[in-house]
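Below: the structure, in structure tokens.
The values are calculated or read from the model by the stated rules, or taken from the named source; none is laboratory data. Quantities reported herein were computed from a predicted structural model and do not represent experimental measurements. Cβ placement follows ideal geometry from the backbone for every residue including glycine, while neighbour counts extend to all protein chains displayed.
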Amino acid sequence: MNASLEIRPALREELPRVAELAAKLVHLHHAFDAQRFFVPENVAKGYAWWFEQEIDRPEVVVIVAVREGRLVGYAYARLEERDWNQLLDACGALHDLWVEPEERGGGVARKLVASCIDRLREKGAPRVVLHAAAANGEAQALFERLGFRRTMVEMTCELGVTPST
């Protein structure tokens, strides 16, 4: 990991590769809890379509980490409006973060998150909110080191199971 790392906005022609990384994130979440996280059919193709719709919107941030010409990570964030159901005021939301396993532990994720925060701040976000899978302790620890605090805990109950009383 001695080669220089570049953090920058994704280029339109890079979106298929970004979508491949997004698919890896989906599969990781599914591996954590297959009942909670579904894997859509053709997930990479779906993400490629989604990112094509999003990339030029002023409220959206899609950034990549590139080392020696190879895309090794990405982050996707956007400004979100007030959500009355969640009692969440308007904010920046970091929706996706992925770093290839061989690049982890070297600061790539930290740099991607910092860049997202900076870009969301420039767009007027007063705060950044994210969700991390309960089973992903490494990601949670990273986010806490970067100043995020726990504010909500999602809990899921499968309705095919009778709860004990």
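Overview of values
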item: Cβ pairs under 7 Å, 6+ apart, first in segment 135-156 and small (Gly, Ala, Ser), second surrounded by 10 or more Cβ atoms within 10 Å (Cβ to Cβ); result: Ala135/Phe32; Ala135/Asp33; Ala139/Ala132
item: Filter result for the condition that a residue is charged (D, E, K, R), loosely packed, with under 13 Cβ neighbours inside 10 Å and either over 17 Å from the mean Cα position of the chain (by Cα) or modelled with pLDDT of 95 or more (or both), over Arg82, Arg78, Arg17; result: Arg82
item: The lone exception for Val60 - which of (1) surrounded by 15 or more Cβ atoms within 10 Å (Cβ to Cβ); (2) without any contact (Cβ under 8 Å) to a residue 24 or more places away in the chain; (3) out of contact with any strand residue (DSSP E or B) (no Cβ under 8 Å at 6 or more places or on another chain) it fails; result: (3)
item: Every pair of residues 6+ apart whose Cβ atoms lie under 7 Å, when the first sits in segment 94-113 and is free of Cβ contacts under 8 Å to residues at least 40 places away in the same chain while the second is aromatic (Phe, Trp, Tyr); result: His95/Tyr76
item: Condition met for Ala34 (free of Cβ contacts under 8 Å to residues at least 24 places away in the same chain, of a type outside the set (Asp, Glu), closer than 24 Å to Ala135 by Cα and not in a helix (DSSP H, G or I)); result: yes
item: Strands (runs of 3 or more DSSP E) within segment 44-161 that include 1 or more residues under 19 Å from Leu11 (Cα atoms) and out of contact with any helix residue (DSSP H, G or I) (no Cβ under 6 Å at 6 or more places or on another chain); result: 60-67, 70-80, 91-99
